[in-house]
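Peer 1: Here it is, the structure, as structure tokens.
The values are calculated or read from the model by the stated rules, or taken from the named source; none is laboratory data. A quick note: this is a predicted structure, and the numbers were derived from the prediction, not measured. Note: ideal-geometry Cβ built from the backbone for every residue, glycine included; neighbour counts use all protein chains shown.
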Amino acid sequence: MRWNQVKGDWATVQEGVKRTWGRIDETDLKMIHGERDLFIRVLAQRYGYAEPVAEKKVDAFIERLQPGSKRRLSQLWFSRLLKKCLGQIHVTNRR
């Protein structure tokens, strides 16, 4: 996905941002408003990343998105939720 597509579909993309980076809140998302440089700075600030690291993370996130990203974001969210849930399952031996 190209950045101009991200800006045009920011309402959808920000749902994936919230799921991926929980420390980025609604205020941050409104401020970012699809601007790549702001996104990188906010990500670096919230997570303590160096800006080059944050830039790579943003680029990798955007690269995973496809046109019509609502479905892709849903799949990404479900995959992360499933991994999180599976990590919290504890089996006990009941008789």
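Peer 1: Quick check: anything in the range 70-82 within 11 Å of the chain's Cα centre (by Cα) and modelled with pLDDT of 85 or more?
Peer 2: Checked the range 70-82: no residue is within 11 Å of the chain's Cα centre (by Cα) and modelled with pLDDT of 85 or more.
Peer 1: Tell me which residues, restricted to the range 19-35, are surrounded by fewer than 16 Cβ atoms within 10 Å (Cβ to Cβ), in a helix (DSSP H, G or I) and not hydroxyl-bearing (Ser, Thr, Tyr).
Peer 2: Arg19, Glu26, Lys30, Met31
Peer 1: For the range 8-18, name all the residues that are under 16 Å from Glu63 (Cβ atoms) and either of a type in the set (D, E, K, R) or not in a helix (DSSP H, G or I) (or both).
Peer 2: Correct list: Asp9 only.
Peer 1: Where residues in the range 1-58 are basic (Lys, Arg) and touching a residue at least 24 places away in the same chain (Cβ under 8 Å), which of them is nearest to Leu82 (Cα to Cα)?
Peer 2: Of everything passing the filter in the range 1-58, Arg19 is nearest to Leu82 (Cα to Cα).
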